[in-house]
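Below is one structure, written out as structure tokens; the observations come after it.
The values are calculated or read from the model by the stated rules, or taken from the named source; none is laboratory data. Not measured: the values here are computed from a predicted model. Every residue, glycine among them, receives a Cβ derived from its backbone with ideal geometry; neighbour counts consider all protein chains shown. The accessibility values were calculated without ligands, DNA or RNA, using every heavy atom of the protein model including side chains. Shrake-Rupley method; radii C 1.70, N 1.55, O 1.52, S 1.80 Å.
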Amino acid sequence: MGTIENEAAVREALAHYVAGMRGLRVPAELGELLAMHGTCEEDALRLFVQRSFKDEGYTYQKRLMQLMVPRPSG
């Protein structure tokens, strides 16, 4: 049960992060990008923590954080 709930929590939090980042108009200044990333990351992490279930070792939280690392498109 914990695995299913934690995987769902990662998906939900990541979807929230992506939706927020899509609101950023590009091209954007680096400062604006970093500010939006910080806000979206914080909100997504809060959602994850609310939904996750006994994420011992922070396995799923770490996975979420890795998925939210900004990467250049190309």
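Got a number for carbon plus sulfur as a percent of the chain's accessible area, 1.4 Å probe? Answer for the chain is 57 percent, counting heavy atoms of protein chains only. Under the convention that each Lys and Arg Cβ holds +1 and each Asp and Glu Cβ holds -1, the size of the dipole of the chain around its Cα centre is about 160 debye.
Report note on the peptides 62-71, 4-13, 19-28: ranked by the mean count of other C-beta atoms within 10 Å, highest first, their order is 4-13, 62-71, 19-28. Taking all protein chains into account, the per residue accessible area for segment 1-44 stands at 66 Å² (1.4 Å probe). For the chain, chymotrypsin sites (Phe, Trp or Tyr not before Pro) meeting the loop criterion (DSSP other than H, G, I, E, B) and having at most 15 other Cβ atoms within 10 Å: 53. Cα-based radius of gyration for the chain, normalised by 2.2 N^0.38 Å, reads 1.17. In percent, rounded to a whole number, the relative contact order of the chain is 49, using alpha-carbon pairs under 8 Å and six or more apart. Among complete DSSP H helices in the chain, those whose alpha-carbon atoms stretch at least 20 Å along the helix's long axis and whose mean Kyte-Doolittle hydropathy reaches -0.5 are 2-22, 30-51.
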